[in-house]
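Peer 1: Mind having a look at this structure? Questions to follow.
The values are calculated or read from the model by the stated rules, or taken from the named source; none is laboratory data. What you see is a predicted model; the values in this text were computed from it and never measured. Glycine also receives a Cβ, built like all others from the backbone with ideal geometry; neighbour counts cover every protein chain displayed. Surface areas here come from the heavy atoms of the whole protein model, side chains and all, with no ligands, DNA or RNA. Shrake-Rupley method; radii C 1.70, N 1.55, O 1.52, S 1.80 Å.
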Amino acid sequence: TEQHDLCFYVEREGSKAGLWAHGISTETVERFRVDVELWMRLVSFVTQVNGIFQPSLGPSIYRMSMLNPLNLISLRSLCRWFGISSDFWNYVFVPIHSSTFLETKMDDLPAVMAEI
């Protein structure tokens, strides 16, 4: 198994967010810099909580525990609690993750999934 970083390129026509791309410095990337830092803190928090309720050697979609309270909290709500902007959620998170989950309605995605 070899690990590699996935890079994404997101541009929404008519969007006020403009262009998002990994490894490319754009006005939009700069605009969401704080949100990305908050997102990384959120993922770290979720990983720690998941580790308490279901220890694992690495992130897994199957790392679930019925007792984990993050099953009951939506990822969207957790983003709000961490101060992540709605624009980041709508213009960066949803477009990037809709390619993975094949779904665009992610407001009810459980927070336990953030580490994936």
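Peer 1: What percentage of the solvent-accessible surface of the range 16-116, computed with a 1.4 Å probe over protein heavy atoms, is contributed by carbon and sulfur atoms?
Peer 2: C and S atoms contribute 60 percent here.
Peer 1: In terms of modelled amide H atoms, which long-range or inter-chain residues lie less than 5 Å from the amide H of S74?
Peer 2: HN-HN under 5 Å from S74: A111.
Peer 1: Now for a different question. Please express the shape of the range 23-116 as an equivalent ellipsoid: the semi-axes are the square roots of 5 times the eigenvalues of the C-alpha gyration tensor, given largest first in whole angstrom. Walk me through the intermediate numbers first.
Peer 2: On the way: eigenvalues 112, 39, 32 Å².
Here the semi-axes work out to 24, 14, 13 Å.
Peer 1: Accessible area per residue of the range 16-116 at 1.4 Å probe, in Å²?
Peer 2: Working: 6020 Å² over 101 residues.
Value for the range 16-116: 60 Å² per residue.
Peer 1: Now for a different question. Could you size up the charge dipole of the range 53-116 around its Cα centre, putting +1 on the beta carbon of Lys and Arg and -1 on that of Asp and Glu, and report it in debye to the nearest 20? Working shown, then result.
Peer 2: Working: 4 positive and 5 negative charges, 20 e Å.
Here the size comes out at about 100 debye.
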